[in-house]
1. Name the residues whose placed amide hydrogens come within less than 5 Å of the amide hydrogen of Gly484, ignoring near sequence neighbours (fewer than 5 apart) on the same chain.
2. Which of Glu205, Glu192 has the fewest other C-beta atoms within 10 Å, and how do the rest follow up to the most?
3. Counting Lys and Arg as +1 and Asp and Glu as -1, what is the net charge of the other residues whose Cβ lies under 15 Å from the Cβ of Ala175?
4. Rank by packing, highest mean first: peptides 143-150, 511-518, 540-547, with packing defined as the count of other Cβ atoms within 10 Å averaged across residues.
5. Net charge around Asn551, counting only other residues with Cβ within less than 13 Å of its Cβ (Lys, Arg = +1; Asp, Glu = -1)?
6. Taking amide hydrogens as modeled 1.01 Å from N in the peptide plane, which residues meet the under 5 Å criterion relative to Asp375, leaving out close sequence neighbours?
7. Taking the Cβ of each residue in Ile318, Ile549 as the centre, tally the other Cβ atoms inside 10 Å and list the residues starting with the fewest.
8. In nanometres, what is the gap between the two model label sites at Glu418 and Arg473, each 7 Å from Cα along Cα-to-Cβ?
Amino acid sequence: MTKQVPHNNKELRKPPRRSPDKEAICTSPVSDAADMRELIDRTEEALKTAKEHAQALQQLIDNMPAGVLLMDSELRLLAWNKLYVRYFDPSVKWQVGTRIEDIIPLAEESGILSKLRRALRTQRPVSVRDFRYDGLARGTTYWHAAAVPLRLKLEGGPTAALALVVVDVTPEVIAREKFSQMAFLAEKRAAELEAERARLETIIECAPIALVVCDTDLNVIASNSVTRQYAKLLGLNEQPLGRLDFRFPGLEFSDRDGNPLDSEGFVIARSLQGETCRDHVMTCRSRNGSTITVKVNTAPLTNSEGRITGVVIAALDITDEKKAQEEIREIYLREHAIAEKLQTSFLQDECPEIPGFEITQRYQAALDEAAVGGDFYDLFRLTDEKLGVVIADVAGKGLNAAVYTAMTKYMLRAYAFEESNPELVLARLNEALTACTPAEIFVTVVYGILDQTKSTFSFANAGHELPIHYSHRLRKATSLDVTGRALALVQGSSYTTQTITLEAGDLLVLYTDGITDAGHGITRLGKERLLWIIESYGSAQGEVLVDNIMNAAMDYAGGRLMDDAALLVVRARSS
C-alpha cells in the first residue's frame, strides 16, 4: 500500500531535476557529487516540508511503542523517533541524509541491509520475528521488525521511500528461552527420576529380603516378591497387601520373647516418630500352622522439609536360623547339665578336718550359667597327719573342660598316694596329661601337703596364680613362687618343691585367676589389691576374709564375673 505524507493538500513545489526509474532508485548508488548534493537537498526539503506540514504524523511516530525510521530509496535517513534512538547509542548524532549503516552497527553483517533492499526491490513488506542482533554494546538483542515500502508525493512526482518499524522483544525471547530451558531440564529431570524409580524398583524387586515402603497411615506404596512370598506363606495370598495391619484374621504376632505384639508395640510406630530401629525379631503365626520369624529393620522417610512421609521396612527370614539356634541351645543346655554335675562333684561340701588348721573354701561361677569352667579345688587326707591340698584351672569351658578337669583331679590323687613329694606328683601328672590331651588343653595347678605335726606346707606350683602367705606376727602378706611351667604343654617338664612354716595365726591363700582378673580392661582387682585385702582382714575369721575377697572381685567385675573364681584359705590355729 502506498503511503503519502500530508501537507495541507499542497504538493511539494520543487520538482526533481531528473526522474530516475524505480529500480535505479532502489539499487544504484549516487555516482557523483552533484547527484549527492541534489539528493541531500531533496531530502532536506522533504523533511522540512514534513516537519512544517505533518506535525501530527511526527507526533504520532514519536509516541509509538516501537522504533520507527523513515528512509529514502538510497537508505538514507529522512525521519526517526526517539524510541529508535534509545535502542542504539543516543550519543551518536542523528541527522538527515546519514546512511543507515552508519547508524546501525553490523547492518551488513547481520543481514539488515539485505532485508531492507529486498523490501525496496519487491515493493512488498518484509517482516522478521525474533531477529537476533549482536551489534549493540550491551549484548545480544532480539527484534520483531517490518520494512514497509512507501511512495512520497513530491512536486516532481512520487518518490520511493521505506519505513522501518522495530519492536525490542529481547526480554520476551530470553524469558521464552529460559522457559524452554527449564522445561527441557524439567523433562530431563523427570526422565532421570523415572529412570531412578525404575532402578529402585528393580533393586527392591531383586533384593533377597522383604522390602516394604508405607506412608504414614501404613498404606503399602511398594513391596517386592519376597514380601509377597511371606504373605502367601501366611495365607494372605488371596487378599492384597494394601495396608500393614496387625489385626489380620488368623495371624498372631509375638516379639523375641514370645510376648504378643500389636501395632503400638512394633518398631514401625517408633520409626514413624523418627527413630531408626535395627534387628528387631518378630514371629508371625497363621491359623494354617505356618510360622515365620523375621529380623526387622525400619527407618523413617522424610521429604525435603524434613517432615516424615512414611517408613521403609526390611525383613529377613531367620526362621531356620532361629530353629538352629534353639537346637544348639538345647544341646548346649544338655551339655551344661552334665558339666555342672561334674563340676559339682569336684567341689567338696564338707572339708576334711585336720587338727591345728582351719580351712575356708568358696567357689563362684561366672555369670554365664551355660559356660561351666575348669576351676576346682580338692582336699584329701594322705595320712592321719597330712592333708593333700589342690587348686587348679583347666583351660576351656563346658563339657570338654569338665572332662579334663575330672581326669586331672583323679590322676593327681592317684599319683599323690604313690609319691610323697609334690614335685614328683606334678612331673608324673604332666607326662600323663601331655600324652592324652589335645594341644589346646593345659592345666595350671598348685599341689601341696599340709603337715599337722610340723605345721608346714610343702608345695609345687605348675604355672598357677601365686599362693599368698600372711604372717600374723609381721602383719604382712607375701606371694610365694612358681616352681615350673603349666601341665600338658611340654613333656619332661620338671618342678621343685618349696616349704613354708605356718605360725599360729598365719594364713595360706590359694585362688584362681577369676579373682585377680575380675574387672574390665585395665581396671582389674589384681594381685596388689588382693594382698592389701588379705593384710586388712588377715586377723579376722576365715569367712570374713573370704567374703571380702569375693565382694571386691564382684565389685570390680560390675557384678558380672567373666570367669569362675575358686578360693581356699588355710589358717594355722593358735596352740
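Just so it is clear, none of the values below were taken in a lab; they were calculated from the coordinates. Here the structure is a predicted model, which means the values were calculated and not measured. Cβ: placed from backbone, ideal geometry, glycine included. Neighbour counts: every protein chain shown.
1. Asn461, Gly463
2. Taking fewest neighbouring Cβ atoms as first place, the list is Glu192, Glu205.
3. Result for the neighbourhood of Ala175: -2.
4. 511-518, 143-150, 540-547
5. Here the count lands on -1.
6. Under 5 Å from the amide H of Asp375 lie the amide H atoms of Val394, each far enough along the sequence or on another chain.
7. Going from sparsest to densest Cβ surroundings: Ile318, Ile549.
8. 4.0 nm
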